[in-house]
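Asks: One structure, as structure tokens, below. Some questions next.
Nothing in this text is a laboratory measurement; each read-out follows from the coordinates by a stated rule. Remember, it's a predicted structure, so these values are computed and weren't measured experimentally.
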Amino acid sequence: MTKPRRWEHGDGCVLALRPSSTRLGMVHRGEMDLATYRAAFEEDMGMYLEHRSLEHGRLTALSIGRCPVVFTVSDGDTLCCACSRADASAGKCHRAWAAPFLVRAGWRVVLDGVEVTCAP
């Protein structure tokens, strides 16, 4: 999530998967369309994939709290987003956009109860 409310933080934030708050603000103000926003997000994901930052043992999260700690994302971890299932199905959610990149990096991804098998 770009701007999670304080009760939506969970254990932390996976910064590599977090959309740009600047770009999201531009979408909300009508300064950028969703297709351009998505293309920019997917370009970022491609860069992370190329640099192997999305792979097991390398994908990290930042804990939320007074003393932030970087920790590794593990098998079985759940990554959350505030977007609805309908938005994800309609291609309007960054977690749906990120899923194929995570698959390509070697993760098993289940999105809204369905395993993602395609890769960009």
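Asks: Does segment 40-102 come out rounded, prolate or oblate, given a ≥ b ≥ c as the square roots of the eigenvalues of its C-alpha gyration tensor, rounded meaning a/c under 1.5 and, failing that, prolate meaning a/b above b/c?
Replies: Details: a/c = 1.98, a/b = 1.30, b/c = 1.52.
Since a/c reaches 1.5 but b/c is at least a/b, the shape of segment 40-102 is classed as oblate.
Asks: Same structure, new question: Along segment 80-92, what does the Karplus equation 6.51 cos²θ - 1.76 cosθ + 1.60 (θ = phi - 60°) give for ³J(HN,Hα), rounded to whole Hz, x for Gly and Pro?
Replies: In residue order, the calculated couplings are 10, 8, 8, 5, 6, 4, 4, 5, 4, 5, 7, x, 10 Hz.
Asks: Would you work out if segment 6-73 is rounded, prolate or oblate? Take a ≥ b ≥ c from the square roots of the eigenvalues of the alpha-carbon gyration tensor; rounded if a/c is under 1.5, else prolate when a/b is larger than b/c, oblate otherwise. Please report the intermediate quantities before stating the final value.
Replies: Numbers: a/c = 3.48, a/b = 1.35, b/c = 2.58.
Oblate, because a/c is 1.5 or more while a/b does not exceed b/c.
Asks: Something else now. Taking 8 Å as the Cα distance limit and 6 or more residues as the minimum spacing, I'd like the relative contact order of the chain as a percentage. Don't skip to the end; give the middle numbers.
Replies: Working: 137 pairs, mean separation 29.0, N = 120.
Normalised by residue count, the contact order of the chain is 24 percent.
Asks: For Cα extents along the principal axes in Å, the listed values are (1) 46, 31, 28; (2) 37, 37, 29; (3) 69, 41, 19; which was obtained by calculation from the structure presented?
Replies: Comparing each candidate, only (2) matches the computed number.
Asks: Between CYS67, CYS81, CYS93, which gets the highest mean-square fluctuation from a Gaussian network model of the chain, Cα cutoff 10 Å?
Replies: CYS67
Asks: Return the long-range amide H neighbours of LEU59 (sequence gap of 5 or more, or a different chain), with a cut-off of under 5 Å between placed amide H atoms.
Replies: Answer set, sorted by chain and number: VAL73.
Asks: Please give the length that would be gained between PHE71 and THR117 if that part of the chain were fully extended, namely 0.36 nm times their separation in residues minus their C-alpha to C-alpha distance (nm, one decimal).
Replies: Numbers: separation 46, 0.36 × 46 = 16.56 nm, distance 2.63 nm.
Residue separation times 0.36 nm, minus the Cα-Cα distance, leaves 13.9 nm.
Asks: Most fluctuating residue of THR36, THR60, THR22 in a GNM of the chain with Cα springs under 10 Å: which is it?
Replies: Its mean-square fluctuation being the largest, the pick is THR22.
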